[in-house]
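The structure appears below as structure tokens.
The values are calculated or read from the model by the stated rules, or taken from the named source; none is laboratory data. These numbers come from a predicted model, not from an experiment. Methodologically, a virtual Cβ is constructed for each residue, glycine included, from the backbone with ideal geometry; neighbour enumeration extends over all protein chains shown. Side chains included, ligands, DNA and RNA excluded: accessible areas come from the protein's heavy atoms. Shrake-Rupley method; radii C 1.70, N 1.55, O 1.52, S 1.80 Å.
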Amino acid sequence: MISSDVIRGYNDTIILYLLLGGESYGYEISKNIKELSEEKYIMKETTLYSAFDRLEKNGYIESFYGDETFGKRRTYYRITPKGQAYYKEKCEEWELTKDVINRFIKEWNV
Amino acid sequence: METIKSYLDNMFAGLPKTARVLDLKGNILSNMEEKYYELKNQGKSENEAIGIVISEFGNIDELVTELGIRQDEQAANEPVVTREEVEAYLSIKKSMGQQIGIGVFLCILAAAMLILLSSALEVIPGISEAAADAPGIIALLVLVTIAVGIFIYSGMKFEQYKYMEKGVQLPTYLEVELKQRYDQYNPVFYLHLIIGVGILILSPISLFVSSLFGDRAENYGVVILMFLVACSVYLFISSGTVRESYSRLLKLGDYSEQEKHKKEDKVIGAVAAIVWPLATAVFLFCGFVYGLWHIAWIVFPITGILFGMFSAAYSIITDKN
């Protein structure tokens, strides 16, 4: 399990990646994160919804109400073109980060 | 499932109940619900499922800082109450309203009994004035004693729920439900108010009608008038208390955050604490010393009107400041 401190800067990237595959809602996104990371990363509810709020404020995603299920309106999210551009930026940033950090990572043969 | 709901209620208890926050809370709740049902379907036990869902909630402070929500400092310090507490408080308030209503009813009835008995006994030939008054005075004292007993009893019963009136937080689902019940109760309250006011306005008719039957019958008219007043006072107190209990919990009207800081209640309350016992003292003094029982009761309506004028004027003056 990865600590949330390490991954903090990339929560937005993870969510945007999942929205690239089509609009989705809170639980589906958090379930997909869990599955794709093979349960090594579980995003907390508060982290997820803080991210939605931040992404929406920046215009990277849009929210809308979906059809009623079980008598409840579900909030769906979709990525905007601005969000796609931001995602690309973040991918490049990650490549660079990975490259830099890797230079300081030593292989330990225990 | 209830555990998750109340967990979330507690987490959000200190946050302002704006549409945005409530929306967010609703989203998180349905998220947690879905997670919970899926875990159950995977064969997890109730406790395991709840444990996992709650452990994956995260940290409420993260939301607070991210959303720039200003925490309601004062509200955060208020205790969150359960449904059981609220129901117990409402039912004790309801019976308290009825008991105080009956107590006040008995007090007014006591004065009426005095007039009734003394004017009934006056006609007995050869009876002294003191002997004619005695049964009425005894009846008055007995009824007032019973009323005081009721006041003390209901005050004692209420003691343990006093904290409910010092400001508490309701879980959202309870707040919504109470608001509905308050709205449902309002027509009942206004109906009682209208009936009570109607009785009050029509009550002097008993005086005119009785005066048609001569001077002596006029006293009985007063008795009927006082009985009618007592009935309407009972209606005001009993239904007013029920409404007040909802208003207090929901922090509406006089019990809203803004109104709470006004001092006028204290001043008006202090004046009431002096004026009413004083009126009673005048009533008893005129009765016992000058034997004016048949007219001394007029002290109460006069005090009522003057006191009403004072508190209305006081409210208007302090409002302007």
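Some notes on this structure:
- Cα-based helix-to-principal-axis angle, B:215-250 vs chain B, degrees rounded to 10: 10 degrees
- Exposure check, 1.4 Å probe, all protein chains in place: A:Glu95 carries approximately 100 Å² of accessible surface.
- Under 16 Å from the Cα of A:Lys88 - aspartates and glutamates, other chains or at least 8 residues apart: A:Asp12
- P(r) weight above 18 Å for region B:2-77, C-alpha pairs, percent: 42 percent
- Both chains summed, the buried accessible area for A and B stands near 2000 Å², from protein heavy atoms and a 1.4 Å probe.
- Nearest 10 degrees, 0 to 90: helix B:46-55 Cα axis against chain B principal axis: 80 degrees
- The order of B:Leu109, B:Leu278 by accessible area, most exposed first and with a 1.4 Å probe, is B:Leu278, B:Leu109.
- Put the Cα centre of region A:31-61 next to the Cα centre of region B:1-74 and the gap is 15 Å.
- Rg in Å to one decimal, and Dmax rounded to a whole Å, for region B:1-155 via C-alpha atoms: 30.5, 96
- Exposure rank, largest accessible area first [B:Lys179, A:Lys40; 1.4 Å]: A:Lys40, B:Lys179
- Share of alpha-carbon pairs per 10 Å distance bin for chain B, given as whole %: 5, 18, 24, 19, 13, 9, 6, 4, 1, 0
- Surface analysis of chain B yields an accessible area of 55 Å² per residue, using protein heavy atoms and a 1.4 Å probe.
- Net lengthening on full extension, B:Ser247/B:Ala120 (0.36 nm per residue, minus Cα-Cα): 41.1 nm
- Candidate cross-link partners of A:Lys40 among the aspartates and glutamates, defined by an alpha-carbon separation under 16 Å and a same-chain spacing of 8 or more, comprise A:Asp5, B:Glu56.
- Counting only other chain Cβ atoms within 10 Å of each residue's Cβ, the peptide A:38-51 averages 5.
- Using only alpha-carbon positions in the protein assembly as shown, the gyration tensor eigenvalues give semi-axes of 71, 20, 19 Å once each is multiplied by 5 and square-rooted (largest first).
- If you take the Cα centroid of region B:159-212 and the Cα centroid of region A:2-27, the two points sit 54 Å apart.
- Charge dipole magnitude, Cβ of K and R +1, D and E -1 - region B:2-77, Cα centre, debye nearest 20: 140 debye
- A:Asp67 accessible area, 1.4 Å probe, all protein chains in place, Å² to nearest 10: 130 Å²
- Neighbouring partner chain Cβ atoms per residue of B:35-45, average, 10 Å criterion: 1
- Only protein heavy atoms count here; under a 1.4 Å probe, B:Ser30 has an accessible surface of about 30 Å².
- With a threshold of 22 Å on the Cα-Cα distance, the over-threshold entries among B:Lys17/B:Lys162; B:Lys93/B:Lys162; B:Lys17/B:Lys44; A:Lys44/A:Lys82; B:Lys166/B:Lys266 are B:Lys17/B:Lys162; B:Lys17/B:Lys44; A:Lys44/A:Lys82.
- Apportionment of accessible area to carbon and sulfur, the protein assembly as shown, percent (1.4 Å): 62 percent
- Simple point charges give the picture: +1 on the Cβ of Lys and Arg, -1 on the Cβ of Asp and Glu, and for chain B a dipole about the Cα centre of about 580 debye.
- Region B:93-227 shape via C-alpha gyration tensor axes, a/c threshold 1.5: oblate
- Within 10 Å of the Cβ of each residue in A:20-29, the mean number of Cβ atoms contributed by other protein chains is 2.
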